[in-house]
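The values are calculated or read from the model by the stated rules, or taken from the named source; none is laboratory data. Just so you know, these numbers come straight off a predicted model, no measurement behind them. Note: ideal-geometry Cβ built from the backbone for every residue, glycine included; neighbour counts use all protein chains shown.
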């Protein structure tokens, strides 16, 4: 009896193995069939493109920021879109044939779709100041354009140690030209003082709040500090920025919700720090000596806490100046 049961068990196991092997073989054949269907379909499309000189070719959109085996789209005359995607490596060489055919025919009904970065770069070109206008533009008007350009977002996208000035200069041609103007520092400071007096009346004006960090980053540059050789002018920069920070905070308190906020105080602090350093402020230099090894201003920007500390030092410095004037 036991021997008979063993035989039955062995037969059952053998049948199970045979069934599993058959299923696996069928799945493998089906997968292979699908792969070669893709291969055959693509060969047909390639042949159509290579031999249909007179026939109207479907519009093909090529996204250049993806690989050939990730996306090719064929659009028929009836505007039905057929997308061939996730193709296997086995048909990669056929896709390259399609690309070669498109380059060969150069038909107007074959459209190339630029990638996202290419579209952004093309749009940025339209936002530049034309060369002739840039060369003759008065410095005051140039400051206004730099402070109002929508490309300022390139300055704030990343927390760069220089406040994003270099990134902004690479994106907008007006920045480098402005930094090279011999009267730029004085004009920027004058414009900054002017908008400080407009904090309440222009608070809700589109992009007005961003003029403060943009001008503060401009003033914080080595080029502007070098232009302001007079100690009194360097001190005036600190006085103006502290006045601005306090006025913006006071306005926000009077509102149900902050308009200016503290999201940009690192730019105010950056300018104050650079001017305190240029004026050899012993308190600031001692503070910075404890931060130097952390990569501050070389590898990273100010934190919120550090920004508040620098602004407090700037406010102290302003009080010292006022006390000296009162003596």
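Some observations on this one:
Results for (1) within 15 Å of residue 271 (Cβ to Cβ); (2) modelled with pLDDT of 95 or more; (3) assigned to a helix (DSSP H, G or I), shown as yes or no for each residue.
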{"site": "134", "(1), (2), (3)": "no, no, yes"}
{"site": "162", "(1), (2), (3)": "yes, no, no"}
{"site": "166", "(1), (2), (3)": "no, no, yes"}
{"site": "170", "(1), (2), (3)": "no, no, yes"}
{"site": "190", "(1), (2), (3)": "no, yes, yes"}
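Yes/no per residue for (1) under 21 Å from residue 162 (Cα atoms); (2) modelled with pLDDT under 95:
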{"residue": "205", "(1), (2)": "no, yes"}
{"residue": "242", "(1), (2)": "yes, no"}
{"residue": "248", "(1), (2)": "no, no"}
{"residue": "262", "(1), (2)": "yes, yes"}
{"residue": "275", "(1), (2)": "yes, no"}
{"residue": "288", "(1), (2)": "yes, no"}
{"residue": "294", "(1), (2)": "yes, yes"}
{"residue": "303", "(1), (2)": "yes, yes"}
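- Any hit, region 200-209, residues being surrounded by 20 or more Cβ atoms within 10 Å (Cβ to Cβ) and touching a helix residue (DSSP H, G or I) at 6+ places or on another chain (Cβ under 7 Å): no
- Of all residues making up region 141-160, the number that are modelled with pLDDT of 90 or more and in contact with a helix residue (DSSP H, G or I) (Cβ under 9 Å, 6 or more places away or on another chain): 8
- Residue in region 273-292 that is assigned by TED's automatic domain parsing to the domain that holds residue 199, touching a residue at least 60 places away in the same chain (Cβ under 8 Å) and either in contact with a strand residue (DSSP E or B) (Cβ under 6 Å, 6 or more places away or on another chain) or buried (at least 16 other Cβ atoms within 10 Å of the Cβ) (or both) present: no
- Taken across region 175-185, residues that are buried (at least 21 other Cβ atoms within 10 Å of the Cβ), in the same structural domain as residue 150 (by TED's automatic domain parsing) and over 30 Å from residue 117 (Cα atoms) do occur, with at least one present.
- Taken as a whole, the structure places residue 317 among residues that are under 28 Å from residue 197 (Cβ atoms) and crowded, with 17+ Cβ neighbours inside 10 Å.
- One residue alone among 305, 250 is more than 23 Å from residue 185 (Cβ to Cβ), without any contact (Cβ under 8 Å) to a residue 24 or more places away in the chain and within 31 Å of the chain's Cα centre (by Cα), and that residue is 305.
- Residue 219 within 30 Å of the chain's Cα centre (by Cα) and under 22 Å from residue 175 (Cα atoms): yes
- 3 or more residues assigned by TED's automatic domain parsing to the domain that holds residue 166 and closer than 18 Å to residue 317 by Cβ: qualifying helices (runs of 4 or more DSSP H) within region 202-259: 211-220, 231-253
- Filter result for the condition that a residue is within 25 Å of the chain's Cα centre (by Cα) and part of a helix (DSSP H, G or I), over 275, 317, 267: 267
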